[in-house]
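Undergrad: Please see the structure below; I have some questions.
The values are calculated or read from the model by the stated rules, or taken from the named source; none is laboratory data. This one's a predicted model, so the numbers in the text were calculated from it and none came from an experiment. Note: ideal-geometry Cβ built from the backbone for every residue, glycine included; neighbour counts use all protein chains shown. For the accessible areas, the whole protein counts, side chains as well, though only heavy atoms, and no ligand, DNA or RNA atoms are used. Shrake-Rupley method; radii C 1.70, N 1.55, O 1.52, S 1.80 Å.
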Amino acid sequence: MKEYPSRYEEHSSHASAMRLLARSGCDGGVLLDLGCGRSPLAEVATEAGFEYIGLDIDEHALAELEGRGFEVHPVDLVTPGVADRLGAVVGDRKLGAVLLLDVLEHVVDPGALLREVNSLFTEMGVIDAQLVVSIPNVTHFDLGAKLLAGRWDYLDTGLLDDTHLRFFDEWGYGRLFSSNGWREADRDDVELEYSEQRFPAEAPFVRPGVPAREFLLGLRMLAEPNGLTYQFVRRFQLDNSVTAPTPREPESLRRDVFVSVVVDLPSGGDVVPLVGDMSRQTSGQFEVIVAVDPGASVVDLAAVEAQLDGRCARVITVAGATSAERLRAAVGAAGGRYLCLLAPDTRVAPAWIERLAKAELANPGSVLVAGATCLPGKVGEPAPETFEELLGPATKRLAQNWVELLSVEETGDVVTQAFAVPTDALVTTSLDLAGERAGAPAGALVRAVELCGLAHCDDVCVAVPRTRVLDGAHQMSLVRDELSERPFLLPSGSFAAVLELREVLRRERAGRVVSDAALVAAEASAQALAAQVERLDRELHVARTAMFEAEKRGAVGRLIRIAKRALGQ
């Protein structure tokens, strides 16, 4: 039989299991360690007050464990009747907990074994007993990175132990237990940034610090929080009433409309003008989801539904404590392939959905951005009924170059309502368009464009009050450090654009050097001229002094001669 490490380590599934038992309040009793091997935790469990019993099919491991003074029993966990055999081992003693550490991945039908343990707890009447389980995480970043390199390397131990028969992610793990009568009560997962799968050592997908690895790791951690989880270690309690998660199915099969338009409606908000715009859309491929403040009027909602009757897939109302919470709840209910978040005072053109669909047809899966402008008039003035009346013939389009990182134009304005983002992009990357932190919506849109690309709809189809328009340069300054934490993906054609920008900068720098040299020469010339002026000024001062002295001597001589004549001399 294969031998696994027998030393107890603090950063291991065994230590996590003992911490879970300590936090559970379990006051001792029999601890059945199923598939115990040489059991690194037998002594630790005994010190914690448990009556340790090791069970395994490996006779050599059991003999070693028995030699250390522990009770052991041979058991085959994959044959029927496991619950009866375990019940006979416990006998009249109190059952405190059962351990299944790194076991379920080695059996063909882990659900059957969990049902056996369920039967054991039920038959013994120990519904407060604990079940602690550890399972390797097949979605650890190292395995995904290796797949990108076309590699799937089985090893003697670890994530791809060559005796593993089953593989689990977070969702599959949860479904396995809830489907077999167990409710998760606590968790103490083992995190490990670099696993035994980090090879070849210099491969860019797994080499720490290189751009490829850091970029991929950033994507992985955006998608789901278990990218560096090495083992799921969880404590479960018996609960046959829990409901298993909904089976996974291709998300595209459930997205039956083009755009989900999510509108946050605070108490007292007026969504009627916007709903009127939606009712006049030239394309019916949308749904409106109204995220409602608890104080919103039911009558208003009924009017919204009546006005949109037959023009959209559905209207859903979601209550929440804050605007961001309401929006997130509504986003979770979205059934559209694209998602657009609008404020109640946004106005949209009749061809808005149609124009977005046309842009998406040419650029499937890209973030879509429509032309945007500011609403005319003052706050509080009644809004015209139609979008055409609202804007008039001389509509000024707002520049939104902030999202084009290689653009040399002015950064421009941020109008988040003008963007439609693929819903699956948000679901699989955890990007939060409803974030309340300063710069969060703009930062999320930059990330979305980074991953999906950008397609423009040049027609002005969205109008917002000036108060909804954000300064692009300021928004980018708010998220600059955050977006700089990992490498950034640029679209095809960017290399040539970067070279062009670099050449422009080189020429500007060269011109600046020439200008600097000319400036230095001019400064030197100016200094020389200043010195010459200073010298001439000194010479002029001396000449003026001499002239003054000469004039004084001449005046004195004249006075003497006059005096002599007066005295008759």
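Undergrad: Kindly state, to the nearest 0.05, the FRET efficiency for Glu485 paired with Lys396, given R0 = 30 Å and r defined as their beta-carbon distance. The partial results should precede the final answer.
TA: Details: r = 37 Å, r/R0 = 1.22.
So the FRET efficiency works out to roughly 0.25.
Undergrad: Counting only heavy atoms of the protein chains, get the accessible area per residue of the stretch 84-240 (1.4 Å probe) and round it to a whole Å² value.
TA: Details: 6370 Å² over 157 residues.
For the stretch 84-240, the solvent-accessible area averages 41 Å² per residue.
Undergrad: With every protein chain kept in place and ligands, DNA and RNA left out, what is the accessible area per residue of the stretch 417-569? Probe 1.4 Å, answer in Å². It would help to have the intermediate numbers written out before the result.
TA: Details: 10170 Å² over 153 residues.
So the stretch 417-569 comes to 66 Å² accessible per residue, rounded to a whole number.
Undergrad: Using +1 at the C-beta of Lys and Arg and -1 at the C-beta of Asp and Glu, which of Asn180, His140, Gly150 has the Cα lying farthest in the positive direction of the dipole of the stretch 138-223?
TA: Of Asn180, His140, Gly150, it is Gly150.
Undergrad: Quick check: pseudo-label points 7 Å beyond the Cα along Cα→Cβ at Arg187 and Glu9, how many nm apart are they?
TA: 2.3 nm
Undergrad: Charges only on Cβ, +1 for Lys and Arg, -1 for Asp and Glu: so what's the dipole of the stretch 1-74 about the Cα centre, in debye to the nearest 20? Mind showing how you got there, number by number?
TA: Working: 6 positive and 14 negative charges, 56 e Å.
Here the stretch 1-74 has a charge dipole of around 260 debye.
Undergrad: Rounded, prolate or oblate: which one fits the stretch 19-83, using the alpha carbon gyration tensor with axes a ≥ b ≥ c (rounded when a/c is under 1.5, else prolate when a/b beats b/c, else oblate)? List each step's numbers first, then the result.
TA: Numbers: a/c = 2.39, a/b = 1.38, b/c = 1.73.
In terms of gyration-tensor shape, oblate.
Undergrad: Rounded to the nearest 5, what is the percent of antiparallel bridges among the DSSP beta bridges in the chain?
TA: Roughly 30 percent of the beta bridges in the chain run antiparallel, per DSSP.
Undergrad: Hey, another quick one. State which helices in the chain qualify, where a helix is a whole DSSP H run, it must extend 15 Å or more along its own axis by its Cα atoms, and its mean Kyte-Doolittle hydropathy must be at least 1.0.
TA: Numbers: long enough: 13-24 (16 Å, 0.02); 110-124 (21 Å, 0.24); 211-223 (18 Å, 0.69); 352-362 (16 Å, 0.11); 440-452 (18 Å, 1.21); 472-483 (16 Å, -0.33); 494-566 (104 Å, 0.02).
TM-like helix candidates: 440-452.
Undergrad: Work out the count of Lys pairs in the chain where the Cα-Cα distance is under 28 Å, with the pair 8 or more places apart or on different chains. The partial results should precede the final answer.
TA: Details: Lys2/Lys146; Lys358/Lys396; Lys378/Lys396; Lys552/Lys564.
Lysine pairs meeting the criterion: 4.
Undergrad: Could I ask something else about it? Compute the separation of the alpha-carbon centres of the stretch 12-34 and the stretch 145-183 and state it in Å as a whole number.
TA: One Cα centre to the other: 23 Å.
Undergrad: Using a 1.4 Å probe over the heavy atoms of the protein chains, calculate the carbon and sulfur portion of the accessible area of the chain as a whole percent. The partial results should precede the final answer.
TA: Values: 16370 of 29120 Å².
That share works out to 56 percent.
Undergrad: May I pose another question? Determine the dipole magnitude for the stretch 52-199: charges of +1 sit on the beta-carbon of Lys and Arg, -1 on that of Asp and Glu, nothing else is charged, the reference point is the Cα centre, and the result goes in debye to the nearest 20. Show your work: numbers first, answer last.
TA: Working: 12 positive and 29 negative charges, 86 e Å.
Here the size comes out at about 420 debye.
Undergrad: Continuing with this model, one more query. Charges only on Cβ, +1 for Lys and Arg, -1 for Asp and Glu: so what's the dipole of the chain about the Cα centre, in debye to the nearest 20? Kindly include the intermediate steps, with their values, before the conclusion.
TA: Details: 57 positive and 84 negative charges, 873 e Å.
Here the size comes out at about 4200 debye.
Undergrad: To the nearest 500 deg cm²/dmol, what mean residue ellipticity at 222 nm is calculated for the chain from DSSP H runs of n ≥ 4 alone, each contributing -39,500 (n - 2.57), summed and divided by the residues? Intermediate values should be presented prior to the final figure.
TA: Numbers: 17 runs with 230 residues, N = 569.
It lands at -13000 deg cm²/dmol.
Undergrad: Going by average Cβ density within 10 Å per residue, which order do the peptides 24-35, 163-174 take, highest to lowest? Numbers along the way, then the final one.
TA: Working: 24-35: 19.6, 163-174: 15.8.
Highest to lowest by the protection proxy: 24-35, 163-174.
Undergrad: I would also like to ask the following. With a 10 Å radius around each residue's Cβ, average the other Cβ atoms per peptide and rank 443-454, 427-438, highest first. Each step should come with its number before you reach the end.
TA: Details: 443-454: 20.3, 427-438: 16.2.
Packing proxy ranking, top to bottom: 443-454, 427-438.
Undergrad: Let me know the shape class of the stretch 1-137, please: from the alpha-carbon gyration tensor, a ≥ b ≥ c as square roots of the eigenvalues, rounded when a/c is under 1.5, otherwise prolate if a/b is greater than b/c, or oblate. Provide the component values of the computation, followed by the final result.
TA: On the way: a/c = 1.26, a/b = 1.08, b/c = 1.16.
It is rounded, given that a/c, with a ≥ b ≥ c, falls under 1.5.
Undergrad: If you don't mind, another one. Quick one: ranking Met476, Met124, Met278 by accessible area, 1.4 Å probe, largest first, what do you get? Let's see the in-between values first.
TA: Values: Met476 35, Met124 60, Met278 5 Å².
The ordering from most to least exposed comes out as Met124, Met476, Met278.
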